[in-house]
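What follows is a single structure, written as C-alpha cells, with notes after it.
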Amino acid sequence: MKKSTFLICALGLVFSCSPKKIEETKPVAHYLTNRAPLVSTPYLELPLGSIKPQGWLEDQLQRMASGLTGHLDEVYPEVVGQRNGWLGGDGDGWERGPYWIDGLVPLAYILDDEELKAKAKPWIEWTLNNQAVSGYLGPIPFETDPEPERGIQKGPREDWWPKMVMLKVLQQYYQATGDERVITALTKYFHYQLKELPSKPLDYLSFWANRRAGDNLLVVYWLYNITGDEKLLELGELIQQQTFPWQTVYTNPENEHQFENTHFYNEIKSYPFDSAEISKITLSKLPGLHTVNVAQGLKQPIVYFQKSGNTDAIASVKKALDDIKNYHGQPQGMYGGDEPLHGNSPVQGIELCSIAEEMYSLETILKISGDMEFADLLEKITFNALPTQASDDYNSRQYFQAANQVELTDQLETSYETQNHGGTDFVFGTLSGYPCCTTNMHQSWPKFVQNLFYATPDGGVAALLYAPSSVELTVGQGATLKIKESTGFPFRETVQFDLELSEESTFPFHLRIPAWAKEAEIKVNGETTQATIQNQVAIINRTWKSGDQITLILPMELKTSTWYKNLVSIERGPLVYSLKIEGEEKVKDRNDRFKPFTEVYPTSEWNFALASNTLSDLANSIELVENEWDGSYPWNLENAPIELRLQGVQVPEWKLVKSAPQLPENLPSKLSATELTKRQKPITLIPYGCTTLRITEFPVVVLE
C-alpha cells in the first residue's frame, strides 16, 4: 500500500484541522449511490451543470461552442442534418449523430447555453417521442434496403451499438433536467433488450456492440440504482455474458501466435466466443486489436466489478494499461493505434476517438474504484494528448497524432490506414482520415469538467482532478457548498479552493496527491501541519465555514522517461515537453471525399538529440522559464505559459522519410567532445499540448 508524508493536519487517515469538536452525526449521501447488491463506490457524480469551468478551461469550451461542436449540423449536414435517422430521416442512422450529441449535451448544460440546448433538444425529443411499442429506441428500420450513398451510414439501424451512445446522451440529459420520460423510455428499452438479446445477441448485426457493451452495462446499472428494477440485474448478466471477454484477454499469457490479417479484430468469432481463439489474443500483438475498442473496453471489467465485487477486475485493467504502455505507449499517455494497435514507435498514429474514449473509460473507472493511478493517467492524457489534436478554433482536427511529427502532409505512410484514407490521417481537416472523430471529439473536454469534483457517500466533496472551475453541491447534513478553484495548473504548482457555505458544516474534503508530486503541501486558512496520506488521497475532515480556504501546493520536478529504442522524453509534473517547432500552414483541396484540409510544414530546425550529460543533470542543464500568463487559452506556441531552455545536439543524419521523422540506421550514438560542442545549439521545449509540430522522444548521444 503506497504511503507518502507531507504537511497537513492529521489523525490517521481522516484528520481534523478545526478547533471545534466534530459532532457525531450519521453520514448522509446526497447523490445517487449504488443500490445493493451492487458494491458501493467511493465517489458520486454530481448533476450535469453543477461544475462550471473558469479561465482557460471556460475559453476552451466556448471555442467548442463557436466551432464544430456548436455548428456541426451546418458543417456536416449530410450526416448530422435533418435527414439523420435519429431525427426521423432516411439518411445516416448509425453512430455519428449520437456521437455529436454525446458531446453537445454536456457542453450545452455546463455552459448553460440556450442555443446549444436547442440544437440538442430535437434529437432527444425525437428519440423519446418515437419509441416503438416493443420498447425499441432509435432510427426506424427500413422495410427494404435503401440505396447506398457515399459517406452516409444508413444502417444497420437495429444494431445495438449506436443505441449505446444514445443511452449515454439520455442519461446525461436526465442528470441535467430530471426529465422522467428518460427513466420511462430506458426502462422500456432495457426490458426490450432483455427479451431480444437471447435471439439477437449484441453482435448479431456488427461486432462493435460486443466490444463496447461496457457503455450499455454502465447505464443499466445507473437505471437500476434509480428504480430498483431487478430485471435490470438480469439484463446486466446477459450483457456481461455476450460482451467480448476483455478481462480474459488482459490476463492471457503471452504466446507466439501471429494474426496474418491487419484487420483480424473484425474476424474474431462472434458470441458465443471461441475460447481457443480468445486465448491467443493479447494486447502485445502486432497488428493488434482496434484502438478505440481497446480504449472503450478498459472500463468494462470495472463496470461489471460493481456486481461481481471481484477485485481481480481492477488488477486486470492495471495490467492492461501496463501492457499497452510497454508495447504501444507514447509519452503523452496514449498509444500507437492507427487503427489496429501498432507498436510504440513515436511516429505511429493515435486516433482522436481513442483519446475521447479512454478519457471516458478512466473517468468511469475512477469513480468506481477510487484508485488514483487512473486519475494520474487521465490527467496526463487530458493535458498533453487532448489539446493538440484539434485546431485552436475547434474547426478542424487530426484523425491521428504522434509524439514525433514534424511535417503533416498527405505523403505520410506510417499508419495501417494510409491507403484506405488517401494519406490524410495526420493533416488537419473536417473529414480527413475517417469522419468518426469529427463527431466523437466533442465529449472529451465537457466530461473532463464534469469530473473535476465528486460528492462522497458520507456527505463530503472530492477534488481529484485540477483545473480552474467552480462547483455547487450539498454537503454535511444538507448545507449548500460553493467552491471556487483558482489555479494555473497544469502549468503552475498551486491550487486554491475558496469555500462559501450556507451554514457551518462538518464534512470530509478529499484531495488527490498525484504520484509525481513529492513533498506536496496543504494549507488550511494559511496554516500548515503534518499528516500521513494513503493511496494518494488526503481527507480533511473538519467543521467548515464560509471564507475557509484550502491551498494545495504540488511541487513539479524535472524527470526523464525512456521509450522506443531508448529515446528519451522530458517531463515535469503532469506535462510532457516537446521541441518547439515553428510551422507554415498550406490548405490543400484534392476535390475528393476528404474535403479541403491543412498541411503543416516545419520552418525551424527539428532534428535534435539530447546529450547524456544533459539528461543526467536536468536541474543544472535546463532553464525553466515561466512566461507571463493571465490564465487565458494556453494551447499554442504563442501562448505557452512555460518553457524549458537547454542545449540540443543537432543530428543532420536524421531526415524526413515521406514527411515522417523515421530514425535512420546511421544516427550517431557517441560523439567526441569537439564534435559534440560543434553540434550543440540552444533549443526550447514547451508543453506537448501547446505544439502542432514536435519532437517529444529524443535520441541520446554519449560523450566519447
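The values are calculated or read from the model by the stated rules, or taken from the named source; none is laboratory data. Since the model is a prediction, treat every value here as computed from it, not as a measurement. Glycine gets a Cβ as well: all are built from the backbone with ideal geometry, and neighbour counts include every protein chain shown. Areas reflect the complete protein model, heavy atoms only, side chains present, ligands, DNA and RNA absent. Shrake-Rupley method; radii C 1.70, N 1.55, O 1.52, S 1.80 Å.
Quick notes on this structure:
- Single unsatisfied condition, Gly155 versus (1) within 28 Å of the chain's Cα centre (by Cα); (2) at pLDDT 95 or above: (2)
- Filtered residues of the range 625-635 (kept if surrounded by 15 or more Cβ atoms within 10 Å (Cβ to Cβ) and hydrophobic (A, V, I, L, M, F, W, C)): Trp629, Trp635
- Residue match in the range 444-455 (condition: part of a loop (DSSP other than H, G, I, E, B), under 27 Å from Ser578 (Cα atoms) and open to solvent by less than 10 Å² (accessible area, probe 1.4 Å)): yes
- The set of residues in the range 356-385 being open to solvent by 10 Å² or more (accessible area, probe 1.4 Å) and among the acidic types (Asp, Glu) consists of Asp371, Glu373, Asp376.
- Looking at the range 585-704, the strands (runs of 3 or more DSSP E) lying wholly inside it that each contain 3 or more residues that are within 30 Å of Gln54 (Cα to Cα) sit at 623-626, 642-650, 680-687.
- Of the residues making up the range 306-334, those that are in contact (Cβ under 8 Å) with a residue 60 or more places away in the chain, open to solvent by 20 Å² or more (accessible area, probe 1.4 Å) and either among the acidic types (Asp, Glu) or closer than 17 Å to Asn216 by Cβ (or both) are Lys307, Asp312, Asp323.
- Total residues in the range 484-498, condition more than 17 Å from the chain's Cα centre (by Cα) and either buried (at least 21 other Cβ atoms within 10 Å of the Cβ) or assigned to a loop (DSSP other than H, G, I, E, B) (or both): 9
- Pair list, Cβ under 9 Å, 6 or more apart: the range 347-361 residue without any contact (Cβ under 8 Å) to a residue 60 or more places away in the chain, other residue in a helix (DSSP H, G or I) and crowded, with 24+ Cβ neighbours inside 10 Å: Ile350/Thr291; Ile350/Ala385
- Test for Pro47: is it in a loop (DSSP other than H, G, I, E, B) and at pLDDT 95 or above: yes
Listed here are the residues, each with its yes/no results for (1) at pLDDT below 95; (2) under 24 Å from the mean Cα position of the chain (by Cα).
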residue	(1), (2)
Leu235	no, no
Gln242	no, no
Trp246	no, yes
Tyr250	no, yes
Glu260	yes, no
Ile268	no, no
Tyr271	no, no
Ser275	no, no
Thr282	no, yes
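- Those residues of the range 456-483 which are part of a strand (DSSP E or B) and either polar (S, T, N, Q) or under 17 Å from Val524 (Cα atoms) (or both), in sequence order: Val461, Ala462, Ala463, Ser469, Ser470, Thr474, Thr480, Leu481, Lys482, Ile483
- The requirement of being out of contact with any strand residue (DSSP E or B) (no Cβ under 6 Å at 6 or more places or on another chain), open to solvent by less than 70 Å² (accessible area, probe 1.4 Å), more than 25 Å from Val347 (Cβ to Cβ) and at pLDDT 95 or above is fulfilled somewhere in the range 636-644, by at least one residue.
- Of the residues examined, Lys200 is one that is open to solvent by 40 Å² or more (accessible area, probe 1.4 Å), not polar (S, T, N, Q) and not in a helix (DSSP H, G or I).
- Flag for Thr430 being surrounded by 24 or more Cβ atoms within 10 Å (Cβ to Cβ) and either out of contact with any helix residue (DSSP H, G or I) (no Cβ under 6 Å at 6 or more places or on another chain) or not aromatic (Phe, Trp, Tyr) (or both): no
- Of all residues in the range 456-470 being in contact with an Asp or Glu (Cβ under 8 Å, 6 or more places away or on another chain) and not aromatic (Phe, Trp, Tyr), the one that is most open to solvent (accessible area, probe 1.4 Å): Ser470
- Residues (in a strand (DSSP E or B), open to solvent by 10 Å² or more (accessible area, probe 1.4 Å) and more than 20 Å from Asp371 (Cβ to Cβ)) located in the range 506-523: Thr506, Glu521, Lys523
- Flag if Leu412 is under 30 Å from Asn34 (Cβ atoms), in contact with a Ser or Thr (Cβ under 7 Å, 6 or more places away or on another chain) and not polar (S, T, N, Q): no
- Per the conditions (1) among the β-branched types (Val, Ile, Thr); (2) modelled with pLDDT under 95; (3) in contact with an Asp or Glu (Cβ under 6 Å, 6 or more places away or on another chain), the sole criterion not satisfied by Ile553 is (2).
- Count of the range 191-232 residues which are more than 18 Å from Gln171 (Cα to Cα) and of a type outside the set (Phe, Trp, Tyr): 17
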